[in-house]
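A short write-up of the structure that comes next.
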Amino acid sequence: MSRQPAVFLDRDGIVNQVVFRDGQPSSPYSLAQFQWQAGIHQAVDQLRRAGLLVFVITNQPDLARRKLQLQDHEQIQARVARELAIHDLLACPHDDQDQCACRKPKPGMLLSLAQRWGVDLAESFVVGDSWKDMQAGRAVGCGCILLSQPYNRGRAEALAHWVVPDLGVAVSWICHYRE
């Protein structure tokens, strides 16, 4: 079986807008707070037309912290799966002290999807907005693209292979690279 290239999109900050709490970027806690990132549907369609598998991966530690209710999380995930033309999505519900293998910066979600879908990680990309996204991608040999935001300067930029201003630029670069 031949392996396929993929794009792993972080959810909060890439697929949907972050919600700021106490000045820090966070996940939406309800469908009412969930807002698509501008251009995400077109971006996913363009990646698929380029022959790429498209996945969404997300850390959701507020489930373990009991700040996010499971029902609300499941509604948000269902909306993403239903309304965005992705191949699959995974969420890590753990907090740091759980020491799981799936919580980014560990690469467990990427490895799981790669095994399930036959992904060629060396020909794949992670698009995210945090150092954890970049480190998870580097751990498995993916190209790492950081969407530059005021809240992710420094460590994230140092781990990224490329820093871009928005998702449209990231997708254009990925598609051009694939040609």
Can you pull out the residues in region 24-33 that are surrounded by 14 or more Cβ atoms within 10 Å (Cβ to Cβ), out of contact with any helix residue (DSSP H, G or I) (no Cβ under 8 Å at 6 or more places or on another chain) and touching a residue at least 40 places away in the same chain (Cβ under 8 Å)? P25
Taking region 1-42 on its own, how many of its residues are basic (K, R) and either closer than 21 Å to F55 by Cβ or in a loop (DSSP other than H, G, I, E, B) (or both)? 2
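Return yes when S124 is closer than 24 Å to F20 by Cα and in contact with a strand residue (DSSP E or B) (Cβ under 8 Å, 6 or more places away or on another chain) and no when it is not.
So S124 does not fit the description; no.
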Got at least one residue in region 72-80 being open to solvent by less than 50 Å² (accessible area, probe 1.4 Å) and more than 25 Å from F125 (Cα to Cα)? yes
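Residues checked against (1) over 19 Å from C175 (Cα atoms); (2) in contact (Cβ under 8 Å) with a residue 60 or more places away in the chain:
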| residue | (1), (2) |
| --- | --- |
| A6 | no, yes |
| D22 | yes, no |
| Q37 | yes, yes |
| V54 | no, no |
| L90 | yes, no |
| A101 | yes, no |
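The values are calculated or read from the model by the stated rules, or taken from the named source; none is laboratory data. It should be emphasised that the depicted structure is a prediction, and the values quoted were computed from it without experimental measurement. Heads up, the Cβs are rebuilt from the backbone with ideal geometry, glycines too, and the neighbour counts pull from every protein chain shown. Just so you know, the surface numbers come from the protein's heavy atoms only, side chains and all, with ligands and any DNA or RNA stripped out. Shrake-Rupley method; radii C 1.70, N 1.55, O 1.52, S 1.80 Å.
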